[in-house]
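K.L.:
Here it is, the structure, as structure tokens.
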Amino acid sequence: MTGYLGFIGGVEAAVGNKAPAPSYKKTIQPIFNANCVYCHMSGAMQGGLTLEPGLSPRSLVSIKSTGSPLMLVVPGKPNDSYLIHKLEGTHLKVGGMGASMPFSAGVLLKLEEKDLALIHRWILLGAVDN
């Protein structure tokens, strides 16, 4: 694995800094649908977090984490966003707890680096619900 931050730099170079922010509905939500919603939906909200369509931005952006002193998503500041730390597995270093995500049936899964890069870029460019 090349490392998440190295991949981010490659994405920036490949798409340019003027590329539009990823669409939340078309790009970010499908990542959550495929990897997260089965545990983070209404009625079964692990950590009090829902990531289901239509509800997830309100559950993430500028919301205090229940498992860390950080906010879940700080618009413009992916490295200050607990979501990024949970996805990278660095959450314990920032005062978090539990397993890194995604996690299913006792097995730690990993998002693809391109998906991590998209979530990072979405947060970096303001975490807009678009």
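The values are calculated or read from the model by the stated rules, or taken from the named source; none is laboratory data. Remember, it's a predicted structure, so these values are computed and weren't measured experimentally. No Cβ is skipped: glycine too gets one built from the backbone with ideal geometry, and neighbour counts run over all protein chains shown.
K.L.:
Filter segment 79-98 down to residues that are surrounded by fewer than 14 Cβ atoms within 10 Å (Cβ to Cβ) and either touching a Ser or Thr at 6+ places or on another chain (Cβ under 8 Å) or at positive phi (or both), then give me how many there are.
P.N.:
Final tally of qualifying residues: 3.
K.L.:
Restricting attention to segment 70-88, which residues are in contact with a strand residue (DSSP E or B) (Cβ under 8 Å, 6 or more places away or on another chain) and in a loop (DSSP other than H, G, I, E, B)?
P.N.:
Listed by number, the residues that qualify are Leu70, Leu72, Val74, Pro75.
K.L.:
Among the residues of segment 61-78 satisfying the criterion of being in contact with a helix residue (DSSP H, G or I) (Cβ under 8 Å, 6 or more places away or on another chain) and farther than 17 Å from Ala21 by Cα, which is surrounded by the most Cβ atoms within 10 Å (Cβ to Cβ)?
P.N.:
In this case the residue turns out to be Ser65.
K.L.:
Among the residues of segment 83-107, write down those that are over 14 Å from the mean Cα position of the chain (by Cα) and without any contact (Cβ under 8 Å) to a residue 12 or more places away in the chain.
P.N.:
Leu92, Lys93, Ala99, Ala105, Gly106, Val107
K.L.:
Looking at segment 24-48, which of the residues that are within 21 Å of Pro75 (Cβ to Cβ) and assigned to a loop (DSSP other than H, G, I, E, B) is modelled with the highest pLDDT?
P.N.:
Among those residues, the one meeting the criterion is Cys36.
K.L.:
Search segment 23-43 for residues that are more than 13 Å from Ile119 (Cβ to Cβ) and pair each with any residue that is among the β-branched types (Val, Ile, Thr) and not in a helix (DSSP H, G or I) when their beta-carbon atoms are under 8 Å apart and the residues are at least 6 apart or on different chains.
P.N.:
His40/Thr50; Met41/Thr50; Ser42/Thr50
K.L.:
Would you confirm whether or not segment 49-69 contains a residue that is modelled with pLDDT under 95, of a type in the set (Lys, Arg), more than 19 Å from Leu116 (Cβ to Cβ) and part of a loop (DSSP other than H, G, I, E, B)?
P.N.:
no
K.L.:
From the residues in segment 99-130 that are surrounded by fewer than 17 Cβ atoms within 10 Å (Cβ to Cβ) and in contact with a Leu (Cβ under 9 Å, 6 or more places away or on another chain), which one is nearest to Cys36 (Cα to Cα)?
P.N.:
Phe103
K.L.:
If Pro53 satisfies every condition in (1) out of contact with any strand residue (DSSP E or B) (no Cβ under 7 Å at 6 or more places or on another chain); (2) buried (at least 18 other Cβ atoms within 10 Å of the Cβ); (3) under 18 Å from Pro22 (Cβ atoms) but one, which is the exception?
P.N.:
Result: Pro53 fails condition (2) only.
K.L.:
Assuming Gly48 fulfils every condition listed in (1) touching a residue at least 24 places away in the same chain (Cβ under 8 Å); (2) over 12 Å from the mean Cα position of the chain (by Cα) apart from one, which condition is it?
P.N.:
Condition not satisfied by Gly48: (1).
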